[in-house]
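Beneath this line is the structure, given in structure tokens, with notes to follow.
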Amino acid sequence: MIIWLASYPKSGNTFLRSLLSSYFFTNDGIFNFEVLNTIKQFPHYSLFKKIGVNLNDERQVLENYVKAQELFNKKETLQFVKTHSSLLKGFTNYKNTLGVIYVVRDPRNVVISAANHFNTTIQESVSRLLNYTNLGGNIDDAKSVNRIITHLTTWSMHYNSWKVLNKKKRYLLIKYEDLTKNTEEVLIKVLDFIHNLNNQKYVLDKFKMKNILKTTSFEYVQQLEKEKNFPEKAKHGDKGEKTFFKYGPKENRKEILSNDLKEKIEGQLKNEMIELGYL
């Protein structure tokens, strides 16, 4: 069964995956970039190629989301799967999905981080956040991890779409700001949620927890990126690669937004930002 690790891009999904992969898929809790590979990403072009889907046909891809999930969900074992997709109709079903952990971040900080990652202007980043947007779809680029279109929709549609799982108590919302400030407390909350979904009792591995907190800190992974290549960093052709771990949780980058852009974001996302305590 799948537990989705869902978020709008640049909202803390990588940090959450770092914590969970270190806890569940290492013996000692010590994080490294390779352990992130234990958590699948969806949608991923390789799954659709296996079932003969035409990657150029967006409708055919959408119609086969569930079938693609069944390829790696046959054993009915617990699986964490990262996605940046909105929860569109037909994206998954309850046969495949056990629940979702949704990571949200102040959208005023998201646009700054996304502008750096996608090599765009801040204005373009704000436009993407507020308007219906797809990500990827460059199927002819063999090096790209986004060869299948990911339906971001808008930031507000994305955030609200996943809340439908809350009706069945299969939804846990965590804020990036809480995850970075109170990592141990929030991670324990996440572990409780996962084991309750799976009807399992567990004893917290304190040894692993100690190592996880040390080796997933922003300063640690930032240094790790300098020493080793981080495979998920964005590549921009002749413009080279962008540093992935550039803006840490202590940097409140929203302050560099112009007043016009701040007002635009806060105006269009007012209800959600009030609900989340960002306004």
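The values are calculated or read from the model by the stated rules, or taken from the named source; none is laboratory data. No experiment lies behind these values; they were computed from the predicted model shown. All Cβ positions, even for glycine, are placed from backbone atoms using ideal geometry, and neighbour counts span all protein chains on display.
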**OP:** Could you please give the count of residues in the stretch 183-217 that are over 19 Å from the mean Cα position of the chain (by Cα), assigned to a loop (DSSP other than H, G, I, E, B) and free of Cβ contacts under 8 Å to residues at least 40 places away in the same chain?
**Re:** 6
Original post:
Can you pull out the residues in the stretch 19-28 that are in contact with a Ser or Thr (Cβ under 8 Å, 6 or more places away or on another chain) and either among the aliphatic types (A, V, I, L, M) or surrounded by fewer than 21 Cβ atoms within 10 Å (Cβ to Cβ) (or both)?
Top reply: Leu19, Phe24, Phe25
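Just a yes or no: is a residue in the stretch 233-253 small (Gly, Ala, Ser), at pLDDT 80 or above, within 29 Å of Ile30 (Cβ to Cβ) and surrounded by 12 or more Cβ atoms within 10 Å (Cβ to Cβ)? Working first, answer last.
Restricting attention to the stretch 233-253, the residues satisfying the condition of being small (Gly, Ala, Ser) are 234, 237, 240, 248.
Add one more test, that the residue is at pLDDT 80 or above, and what stays is none.
Among the residues of the stretch 233-253, not one is small (Gly, Ala, Ser), at pLDDT 80 or above, within 29 Å of Ile30 (Cβ to Cβ) and surrounded by 12 or more Cβ atoms within 10 Å (Cβ to Cβ), which makes the answer no.
If you scan the stretch 93-102, which residues turn out to be of a type in the set (Val, Ile, Thr) and either surrounded by 23 or more Cβ atoms within 10 Å (Cβ to Cβ) or out of contact with any strand residue (DSSP E or B) (no Cβ under 7 Å at 6 or more places or on another chain) (or both)? Lay out the reasoning, then the answer.
Here is the first cut: in the stretch 93-102, the residues of a type in the set (Val, Ile, Thr) are 97, 100-101.
Correct list: Val100, Ile101.
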Original post:
Mind checking which residues of the stretch 29-63 are loosely packed, with under 14 Cβ neighbours inside 10 Å and not polar (S, T, N, Q)?
Top reply: Glu34, Lys50, Ile51, Gly52, Asp57, Arg59, Glu63
Subject >> Residues (touching a residue at least 24 places away in the same chain (Cβ under 8 Å) and in a loop (DSSP other than H, G, I, E, B)) located in the stretch 20-44 >> reply: Thr26, Asp28, Gly29, Ile30, Phe31, Asn32, Ile39, Phe42, Pro43, His44
**OP:** Could you pull out the residue among Leu204, Leu191, Leu187, Leu152 that is touching a helix residue (DSSP H, G or I) at 6+ places or on another chain (Cβ under 8 Å) and surrounded by fewer than 18 Cβ atoms within 10 Å (Cβ to Cβ)?
**Re:** Leu204
Original post:
Would a scan of the stretch 29-46 turn up a residue that is of a type in the set (S, T, N, Q) and within 20 Å of Glu177 (Cα to Cα)?
Top reply: no
